[in-house]
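All of the numbers you see were taken from the coordinates with simple rules; none came from a lab. What you see is a predicted model, and the numbers here were worked out from it, not measured in a lab. Please note: Cβ atoms are built from the backbone with ideal geometry, for glycine as well, and neighbour counts cover all protein chains shown.
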Amino acid sequence: MSENLNNEVAEELSNESIKELADALKKVDISQENALDELEANSNEQVDNSTFKVAGTNLPEKTSVWTKIKNVLFYEIKVELTPYQQKVEDEINEFLHKEITWKSVKNFLFKEVPITYKGKRVF
């Protein structure tokens, strides 16, 4: 008998607590709806007071010719070289960036060149 009484009390308490929780949630929903209504009313007043309305869109922007050219010209290229290729590239850079002086140009232009004909020196 005491077990039945305990079960009934537990059921009544759980039913009452569920009802109280449901009432509290309804009050929260009503207060949120009121707050949303107030925000909508304020935003409508602000839109009515403005001289123009900005329309938003989720459509993609049309790509202009200049943007296409810019995308082609400034496309990022990543090059990875093997160690041998890097060695060759370094040698080429060293040759191209050699310091050139007037003395080295003069020595190259005015060096003596042997002129031969059939293995015999002519001049």
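Can you name the residue in region 64-82 that is assigned to a loop (DSSP other than H, G, I, E, B) and not charged (D, E, K, R) and is also surrounded by the most Cβ atoms within 10 Å (Cβ to Cβ) among such residues?
So in region 64-82, the residues assigned to a loop (DSSP other than H, G, I, E, B) come out as 64, 74-82.
Cutting the leftovers down to not charged (D, E, K, R) gives us 64, 74-75, 77, 79, 81-82.
On the way: S64: 9, F74: 7, Y75: 7, I77: 4, V79: 6, L81: 11, T82: 8.
This residue is L81.
Looking only at region 100-116, decide whether some residue is among the aliphatic types (A, V, I, L, M), surrounded by 10 or more Cβ atoms within 10 Å (Cβ to Cβ) and without any contact (Cβ under 8 Å) to a residue 40 or more places away in the chain. Spell out the reasoning first.
Narrowing region 100-116 to residues among the aliphatic types (A, V, I, L, M): 100, 105, 109, 113, 115.
Filter again for surrounded by 10 or more Cβ atoms within 10 Å (Cβ to Cβ), leaving 105.
Retained after the next criterion (residues that are without any contact (Cβ under 8 Å) to a residue 40 or more places away in the chain): 105.
Looking for residues that are among the aliphatic types (A, V, I, L, M), surrounded by 10 or more Cβ atoms within 10 Å (Cβ to Cβ) and without any contact (Cβ under 8 Å) to a residue 40 or more places away in the chain, one finds at least one in region 100-116, hence yes.
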